[in-house]
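*Asks:* Encoded as structure tokens, here's the structure I'll be asking about.
The values are calculated or read from the model by the stated rules, or taken from the named source; none is laboratory data. No experiment lies behind these values; they were computed from the predicted model shown. All Cβ positions, glycine included, derive from the backbone under ideal geometry; neighbour counts span all protein chains shown. The accessibility values were calculated without ligands, DNA or RNA, using every heavy atom of the protein model including side chains. Shrake-Rupley method; radii C 1.70, N 1.55, O 1.52, S 1.80 Å.
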Amino acid sequence: MPTRAHLIGGLMFLVAAAAAPVLPDWIASLVTIALANALVVLGLIVLWRAGLVSFGQALYYCIGAYTVALLARWTGFTDAVGLVLLGGIGAGIVAALVGALLARYREIFFAMLSLALSMILYGVLVKTESLGSTDGFTVATPTFFGYPLHGQTLGLFLYWLTLVVDAIAAVLVSAYFRCVVGALAAPIRDNEIRVEFLGVSVSGIIHAKVVIAGVLGGLGGALAALSIGHVDPNMAYWTTSGSFVFVTILAGAGSVAAAFIGSLVFEAVRSIAFDVMPSLWQMTLGSVLLLTILFLPEGLGSLAGRLHLRSGQK
Amino acid sequence: MMASRNGPILSVQNLEKTFGSLVAARDITISVPAEQTIGVIGANGAGKTTFINMITGHLTPTRGSIFFEDREITGKPSREITRLGISRSFQVAQVFPTLNVFDNMCIAAAIARRKRGLIGGITTPVHSSAAVAEAEAAIDLFQIRRYRDTPASTLPQGVRKLLDIGMAVVGSPRLLLLDEPTSGISIEEKFDLMSVVMSALKSRKITVLFVEHDMEIVARFADRVLAFYDGTVIADGTPHDTLDNPRVQEFISGVRLKPTAAGMGHA
Amino acid sequence: MLLTLFAILTDGLVYAAYLFIVAIGLTLIFGVMKILNVTHGSFYAFGAYAAATAVGIYANSDLPAALGFLFMVGLAMAVGMVMGLVLERGILRLVYGRDEVIVVLVTYAVFLILEDVIVLIWGPRSYAAYQPMVAAGNTEIGDLVLSNYDLILVAIAGGLAAITYWALKFTRYGRLLATVIFDRETAAAFGINVTLVYTVTFIIGAVLGAAAGAIMAPKIAITLGIGVEVIVLAFAVVAIGGMGSIEGALIGALIVGICRAAAVHLFPQIELFVIYGVMALVLIVRPYGLFVRAQPRKI
């Protein structure tokens, strides 16, 4: 039963896909990166709705990225779709393992433990020569269904691939929010004890959310790795996690669309700030974040979300 | 609908619970026929909450057994016991403050209706027509329709309690444990609240155990009274007999005065 | 072998001193205000840069090195005091009462802004402030050469620990603080001016953070981004010890210091993430840190 949100989303998808060939290169690649990062933000939204903030999503982002880079380098497997899927799966496996642990924590302690885990990965990568140490290494050129592509065509296909992955993720996560398990996010955030007394295992649900966010993070990292063409340990550093949380605040957790809108706005602001005042771009970002928190507490998504106030379906 | 049973809906035998050297409950043997309404009285620390927690599965008895509808439930995890048909409400109403009354009820109904397992949780929609219908029915049953779209955080205390109990009822439990349903409610409103609750529960044919400190409430609404003292049951009978029992008066209720006008007015 | 052990101990102690000095301001602010203050990194950075400026001013005069050291730290502390006051009264108080995580993000936003303020004030170049360290000289114990400045560091850390412990336990203000740490609502109910306590605490935390930066300045390259790494390190120490616990920060710093020194000498590959590994391990066993007990459930 398609809702208005679905129709608008579908329309945007088609417009974005069709616009690709006519967009200037730098915009297309900016959008691709933004959409890849949007997946990580979507994962954060899934957690945020249950009252959890992770300061360590960079862990999965980095795992997704390095999985792609290492597989391409060590096994010669370069199929883009396959690599992205494997990136997501790799991150998902790690999320399944650490999720059991993380599900026991809440609030600031959940945030801190997730931070610690991502910094452990950072430390390992920096010190490991065979994994490129601080410089990281380049990602081999991906192929699509056996065909090697280059230059603008490659950029185009990566753009479309990212768009498709985003669309699928958006549909699946929306469906998740409408089912019982997904809709329990707000009740868990509000009164976890009551949810337990209604007969539900809260830690099981949170574990699942960590895995979902992990897979999304991995997919995002994999797509980013293919687009940027390079991976390095900084992808696991706490400032990377911080920027994802930043986007989540900017976007608001009100809807699935918020992840994409927020990410695009963030990339745009970051690029403009870099261009116009390269030595003050952090100040610009920081100010935007501060102003958003102070004056737009529900994020940008709340502006769009007001259109959907009565529907109850996201 | 359940056919009327021959055996008791709840049967507890020689139940005991110790925490280290502290004996919180001992020698509790009770048989509860279906659809009975039982008032549980006793001072704080007498063992009432321990007793309730053992039935709902949040505490495992050190000794003894609990049978629900002829099935042994001793030591089973609370999630399973909820699924089997035992529910509870809370002394401090436990609701979801950012959701409105309808959403609170709907979530409770959807949880109760979900199929087993992880896959079950994923395939059941939250706003299914069945869950919605049950939520609306419960809202009418507890007479809180005018608050349907009000956020739970802004509800008056009495309505919060009704919502709390309503959420325990949408899962169609056959046994409901109410923990001090009128605590925090003003004296003028207590009787009205209990009337609504009791007629709602009776219409659903739910067996009720309610913990209360207000003896007038107990006298008015209970078919039977269990009096707890020092971890065990010291009296078990009709409200009249139990509340006139000298031991009960000594340890729990004090000497019973003549029924008050308030009590008489709610026949 | 014995030499290695001794080296591990001394290195560990020095690193522990560094961690403790850096973390104590953070744990104080968290304990009292329940805020995980990312801006702490900025206080540290500003302290270090201020120290560089101070050393620059001082180097041309003929006054003794010890005075130079005091001037350096003093200037940094003054900077910290101003920053703390402005930030707490100007920005933080706008978000009190909101979700903890939101407040953390506000401090993160301020941190980002301040990173570029540093560039505005001091420019993108690096600075050095090694003069106090050089002036302190070295001590030789057998084959080992120890920098006296490192020993001073350890002494300062020990002194700080002692002073804070004494202040919290035996001064009126310290006991007020301990009460607010324990339960803010009850403290307010007893008539304690929690708003004032918050402001003063934040300023103290800022001063300590800036002092840490100044003290460490002679040992590091004062350049952009020094605040970034310090934040996570301080967080890790505070998380290990338990939020708001001074003893915890001390023990946490010692554990991490020794572990890291051992790693550097014995397993260099794990050096960088040893601290986070310890943090993860501690959080797994004691989610609230070593010295803080879980809050009882309030239902």
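*Asks:* May I ask for the distance between the Cα centers of segment C:1-16 and segment A:170-222, given as a whole number of Å?
*Replies:* So the separation of the two Cα centres works out to 47 Å.
*Asks:* Shifting gears a bit: Taking 7 Å along the Cα-to-C-beta vector as the label spot, tell me the B:Thr29-A:Ala18 distance in nanometres, rounded to one decimal.
*Replies:* Going by the 7 Å Cα→Cβ label model, 8.2 nm.
*Asks:* Using each residue's phi in segment C:220-225, evaluate 6.51 cos²θ - 1.76 cosθ + 1.60 at θ = phi - 60° and report the 3J(HN,Hα) Karplus result to the nearest Hz, with x for Gly and Pro.
*Replies:* Karplus-based 3J(HN,Hα) across segment C:220-225 equals 10, 8, 7, 9, 5, x Hz.
*Asks:* Compute the Rg to Rh ratio over chain A from the alpha carbon atoms, using the Kirkwood formula for Rh, and round to two decimal places. Show your work: numbers first, answer last.
*Replies:* Numbers: Rg = 18.9 Å, Rh = 19.7 Å.
Taking Rh as the inverse mean 1/r over Cα pairs, Rg/Rh reads 0.96.
*Asks:* Using only the Cα atoms of segment A:1-111, each taken as one equal point scatterer with no solvent, compute I(q) by the Debye sum, divide by I(0), and report log10 of the ratio at q = 0.13, 0.17 Å⁻¹.
*Replies:* Debye output, listed in q order: -0.71, -1.04.
*Asks:* Normalise the Debye intensity by I(0) for segment C:23-166, one equal point scatterer per Cα, no solvent, then take log10 at q = 0.09, 0.11, 0.15 Å⁻¹ and round to two decimals.
*Replies:* Taken in order of the listed q values, log10 I(q)/I(0) reads -0.37, -0.54, -0.91.
*Asks:* Something else about it: Past the 48 angstrom mark, what percentage of all C-alpha to C-alpha distances in the protein assembly as shown do you count?
*Replies:* Values: 131745 of 386760 pairs.
Tail of the P(r) past 48 Å holds 34 percent of the pairs.
*Asks:* Next question, about the same structure. What residues qualify as long-range amide H neighbours of B:Thr232, i.e. H under 5 Å apart, gap of 5 or more or another chain, H built at 1.01 Å from N?
*Replies:* Close amide H contacts, sequence-distant or interchain: B:Arg26.
*Asks:* Which number do you get for Rg(Cα) / (2.2 N^0.38 Å) in segment A:174-309? Walk me through the numbers before you get to the answer.
*Replies:* Working: Rg = 17.5 Å, N = 136, 2.2 N^0.38 = 14.2 Å.
My calculation over the Cα atoms of segment A:174-309 gives 1.23.
*Asks:* Just to check I understand the Karplus step: with θ = phi - 60° and J = 6.51 cos²θ - 1.76 cosθ + 1.60, what whole-Hz values come out for segment C:238-247, glycine and proline as x?
*Replies:* Residue by residue, segment C:238-247 yields 5, 5, 5, x, x, 5, x, 9, 5, 4 Hz.
*Asks:* Name the residue from C:Gly56, C:Val285, B:Ile55 whose Cα lies farthest towards the positive end of the charge dipole of the protein assembly as shown, charges +1 on Cβ of Lys and Arg and -1 on Cβ of Asp and Glu.
*Replies:* B:Ile55
*Asks:* Treat segment C:145-196 as a sphere of radius equal to its Kirkwood radius over Cα pairs and apply Stokes-Einstein at 25 °C in a medium of 0.890 mPa s; give the translational diffusion coefficient in µm²/s, rounded to a whole number. Kindly include the intermediate steps, with their values, before the conclusion.
*Replies:* Working: Rh = 12.9 Å.
Calculated translational D: 190 µm²/s.
*Asks:* Starting from the Cα of B:Lys190, draw a straight line to each of the aspartates and glutamates and keep only those under 12 Å, dropping any in the same chain fewer than 8 residues away.
*Replies:* Cross-link targets: B:Glu180, B:Glu212, B:Asp214, B:Glu216.
*Asks:* In addition: Where q = 0.26 Å⁻¹, what log10 of I(q)/I(0) comes from the Debye formula for segment A:249-300, counting one point per Cα?
*Replies:* -0.95
*Asks:* How big is the shadow of the Cα convex hull of chain B, averaged over all directions, in nm²? Mind showing how you got there, number by number?
*Replies:* Numbers: hull surface 59.9 nm².
Over every viewing direction, the Cα hull of chain B projects on average to 15.0 nm².
*Asks:* For chain C, what is the calculated [θ] at 222 nm in deg cm²/dmol (nearest 500), taking -39500 (n - 2.57) for each run of four or more DSSP H residues and dividing by its residue count? Provide the component values of the computation, followed by the final result.
*Replies:* Numbers: 12 runs with 219 residues, N = 299.
That comes out to -25000 deg cm²/dmol.
*Asks:* Equivalent-ellipsoid semi-axes (√(5λ), Cα gyration tensor) for segment B:82-222, whole Å, largest first? Each step should come with its number before you reach the end.
*Replies:* Working: eigenvalues 132, 58, 30 Å².
They are 26, 17, 12 Å, listed largest first.
*Asks:* Enter the accessible area of B:His213 (Å², nearest 10), with the probe set to 1.4 Å and all protein chains included.
*Replies:* Probe radius 1.4 Å; accessible area of B:His213 about 80 Å².
*Asks:* Please state the Cα pair-distance histogram of segment A:36-166 with 5 angstrom bins from zero: what percent is in each bin?
*Replies:* So the P(r) values, bin by bin, are 2, 9, 17, 21, 18, 14, 11, 6, 2, 0.
*Asks:* Can you give the helix-only mean residue ellipticity at 222 nm for chain A, where every DSSP H stretch with n ≥ 4 adds -39500 (n - 2.57) and the sum goes over all residues, rounded to the nearest 500 deg cm²/dmol?
*Replies:* Values: 13 runs with 230 residues, N = 314.
After summing the helix terms and dividing by residue count, I get -24500 deg cm²/dmol.
*Asks:* Between C:Phe190 and C:Val285, with labels modelled 7 Å along Cα→Cβ, what's the label distance in nm to one decimal, could you check?
*Replies:* If labels sit at C:Phe190 and C:Val285, their model points lie 3.3 nm apart.
*Asks:* Indicate the helices, whole DSSP H runs only, in chain A that combine a mean Kyte-Doolittle hydropathy of 1.0 or more with a Cα extent along their long axis of 18 angstrom or more. List each step's numbers first, then the result.
*Replies:* Working: long enough: A:4-19 (22 Å, 1.58); A:25-49 (35 Å, 1.80); A:58-75 (24 Å, 1.04); A:80-102 (32 Å, 2.40); A:107-127 (31 Å, 1.84); A:151-178 (41 Å, 1.39); A:202-228 (38 Å, 1.77); A:238-251 (20 Å, 1.36); A:256-276 (31 Å, 1.60); A:281-295 (21 Å, 1.69).
Going by DSSP H runs, the hits are A:4-19, A:25-49, A:58-75, A:80-102, A:107-127, A:151-178, A:202-228, A:238-251, A:256-276, A:281-295.
*Asks:* Here's something else I'd like to know. Could you rank B:Asp236, A:Asp79, A:Asp275 by how accessible they are, 1.4 Å probe, largest area first?
*Replies:* Values: B:Asp236 80, A:Asp79 35, A:Asp275 130 Å².
Solvent-accessible surface, decreasing: A:Asp275, B:Asp236, A:Asp79.
*Asks:* Shifting gears a bit: Under 10 Å, Cα contacts only: if you run a Gaussian network model on chain A, which one of A:Ser279, A:Ser118, A:Ser54 comes out with the highest mean-square fluctuation?
*Replies:* A:Ser279
*Asks:* Per the 1.4 Å probe, what fraction of the accessible area of chain B, in percent, lies on carbon and sulfur atoms? Don't skip to the end; give the middle numbers.
*Replies:* On the way: 6210 of 11870 Å².
After summing per-atom areas, the C and S share lands at 52 percent.
*Asks:* Please check: in the Gaussian network model of chain A (C-alpha springs, under 10 Å), which one of A:Ala225, A:Ala257, A:Ala116 has the largest mean-square fluctuation.
*Replies:* A:Ala116
*Asks:* Quick one: net charge of C:Val230's neighbours, Cβ under 14 Å, K/R +1, D/E -1? Walk me through the intermediate numbers first.
*Replies:* On the way: positive: C:Lys219; negative: C:Glu115, C:Glu229.
Overall, the nearby charge balance is -1.
*Asks:* How high is the relative contact order of chain B, in percent, counting Cα pairs under 8 Å that sit 6 or more residues apart? Intermediate results must be reported in sequence, preceding the final value.
*Replies:* On the way: 493 pairs, mean separation 64.3, N = 267.
Dividing the mean separation by the residue count of chain B yields 24 percent.
*Asks:* Now for a separate question. Limiting things to C-alpha atoms, what are the Rg and the maximum Cα-Cα separation (Dmax) for segment B:43-151, in angstroms?
*Replies:* Rg and Dmax of segment B:43-151, Cα atoms, are 16.7, 47 Å.
*Asks:* Hey, got the Cα dimensions of segment C:192-279 along the principal axes, in Å, largest first?
*Replies:* Between the extreme Cα coordinates on each principal axis of segment C:192-279 lie 51, 30, 17 Å.
*Asks:* Now for a separate question. What is the sum of charges around A:Pro233, taking Lys and Arg as +1, Asp and Glu as -1, for the other residues whose C-beta is under 15 Å from the C-beta of A:Pro233?
*Replies:* Working: positive: A:Lys127; negative: A:Glu129, A:Asp135, A:Asp232, C:Glu229, C:Glu271.
Cβ neighbours under 15 Å give a net charge of -4.
*Asks:* Follow-up question, since we're still on this one. With +1 on each Lys and Arg Cβ and -1 on each Asp and Glu Cβ, and nothing else charged, work out how big the dipole of the protein assembly as shown is about its Cα centre, in Debye to the nearest 20. It would help to have the intermediate numbers written out before the result.
*Replies:* Values: 58 positive and 55 negative charges, 352 e Å.
Using only the charged Cβ atoms, the result is roughly 1700 debye.
*Asks:* Here is a further query. Could you tell me the center-to-center distance, by alpha carbons, between segment A:18-33 and segment C:24-77 in angstrom?
*Replies:* Cα centres, segment A:18-33 to segment C:24-77: 47 Å.
*Asks:* Do the sum for chain B: with -39,500 (n - 2.57) for every DSSP H run of n ≥ 4, divided by all residues, what is the mean residue ellipticity at 222 nm, to the nearest 500 deg cm²/dmol? Numbers along the way, then the final one.
*Replies:* Values: 10 runs with 97 residues, N = 267.
Helices in chain B give a 222 nm mean residue ellipticity of -10500 deg cm²/dmol.
*Asks:* I'm a student and want to see the number: the projected area of the Cα convex hull of chain C, averaged over all directions, in nm².
*Replies:* Mean orientational projected area (chain C, Cα hull): 17.2 nm².
*Asks:* How much net charge surrounds A:Phe244 when only the other residues with a Cβ under 14 Å from the Cβ of A:Phe244 are counted, with Lys and Arg +1 and Asp and Glu -1? Before the final figure, lay out each step's value.
*Replies:* Working: positive: A:Arg270; negative: A:Glu267.
Computed value for this residue: 0.
*Asks:* For chain A, what relative contact order do you get, as a whole percent, if you take Cα pairs closer than 8 Å and at least 6 residues apart? Could you put the intermediate results ahead of the total?
*Replies:* On the way: 494 pairs, mean separation 104.4, N = 314.
Relative contact order comes out at 33 percent.
*Asks:* Taking a probe of 1.4 Å, how large is the accessible area per residue of segment A:35-95, in Å²? Working shown, then result.
*Replies:* Numbers: 1550 Å² over 61 residues.
Result: 25 Å² per residue.
*Asks:* Report the far tail of the P(r) of segment C:115-227, meaning the percent of Cα-Cα pairs longer than 20 Å. Spell out each step's value before the answer.
*Replies:* Working: 3793 of 6328 pairs.
The calculated P(r) of segment C:115-227 puts 60 percent of pairs beyond 20 Å.
*Asks:* Near the amide H of C:Val95, under 5 Å away, which other amide H atoms are found, from residues 5 or more places off or on another chain, if H is placed in the peptide plane?
*Replies:* Amide H to amide H, under 5 Å and 5 or more residues apart or across chains, C:Val95 pairs with nothing.
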